[in-house]
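Working notes, structure below.
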Amino acid sequence: MALLRKINQVLVLLLVLMLYLILHSTLLKASSHHKISGHWKTLGGTAVKNVDHVIPVVICASEERTGAAMATINSIRSNTDANVLFYIVTLRDAVKHIRRYIEETKLKGINYKILEFNPMILKGKVKPDSSRPDLLHPLNFVRFYLPLLEVNHERVIYVDDDVIVQGDIQDLFNIKLKPQHAAAFATDCDLPSTHDMTTYMGFLDFRKQEVKDLGINPNDCSFNPGVFVADMHEWKKQKITKQLQKCMEDNFNFNIYSSAMAGGVATPPMLIVFHDKYTVLDPLWHVRHLGWSPDSGYPESFLQKAQLLHWNGPFKPWGYPAVHTERWEKWFIPDPSRRFSLMRPKSKNRRPIK
């Protein structure tokens, strides 16, 4: 009897152990599944009908640049009859500010969702760099994680917050992507350049063996990832997000690029992953370099034809000095909380921004 009791105790112990292992395995899988998606949090917005017939536009809005993002949104919604759904991605400190900016201004009627991004997803992937700390802002890397948005779409448009759209966003959304291309970008060689960084040479350190092993010609034209159209099926199929994270980890370990170079630390991973694997946008749908110089810009006749203007570079249109600020101010909406304001020279002849 004692022997049978001992055997029963052992069997019970083994059964408990098996149940524990099964439960642990189930929880581990669930944890793994939500490891990345848990870094997004939906914080309200508007109820959207006919999700299949919307144009999803992703834009980031940091606390210090909320007014810039609102100007971008205003330009998009004012120049189209399409049903646009704005995914406004931000950090926790800006959520209330964004909601008030929308609800107390002419933007009140837009379709939008506010998503909170947890920067902990970038741990071990981005090194501190003092040369241009603005390029290290966590929201600069949101574009890497597009498949993690709450609502699934076949196609998504991503735009930076220093952009003004003068054309109908529906035309950009409807461009034809080449087979097996996950995105469409504007190449840096398709416009008269206001700076020298138009090739991969300006973004990657070709002295490093890790860069040489990529097999990229340093004279190949680079592209600007501040505006692009993404095919989400191909993005997921090709595991683009995983590839981008691998690039960040390689840079963390081997310093293959840095923010001291032209594109900071958010552009090089995109250049590596999409090298020779992207559809080229019509250059008028991404007129760039407006923020590279406070003195030189484009002829007015050319700006009138441009569908989208991008003040990439350090001289932003809400700051001073900057070029073509009148085109940006046309879409600017004053901040109801007065936390975002324009930097402008004092002049008796200058009309106030209303």
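Label-to-label distance, Leu135 versus Asn152, with points set 7 angstrom from Cα along the beta-carbon direction: 3.7 nm. With the simple model of a label 7 Å out from the Cα in the direction of the Cβ, Ile175 to Asp81 spans 2.4 nm. Computed extension gain for Met120 through Glu329, at 0.36 nm per residue and net of the alpha carbon distance, reaches 71.8 nm. Suppose R0 equals 22 Å. What FRET efficiency, 1/(1 + (r/R0)^6) with r the Cβ-Cβ distance, do Met343 and Ser293 give to the nearest 0.05? Calculated transfer efficiency: 0.80. Per residue, the solvent-accessible area of the stretch 53-154 (1.4 Å probe, heavy atoms of protein chains only, all protein chains present) comes to 40 Å². Scaled against 2.2 N^0.38 Å for its residue count N, the alpha carbon radius of gyration of the stretch 209-354 is 1.30.
The values are calculated or read from the model by the stated rules, or taken from the named source; none is laboratory data. If you're wondering where the values come from, they're calculated on a predicted model, not measured in any experiment. Using ideal geometry, Cβ is built from the backbone for each residue, glycine included, and neighbour counts are taken over all protein chains shown. What goes into the accessible areas is simple: the full protein's heavy atoms, side chains included, and nothing from ligands, DNA or RNA. Shrake-Rupley method; radii C 1.70, N 1.55, O 1.52, S 1.80 Å.
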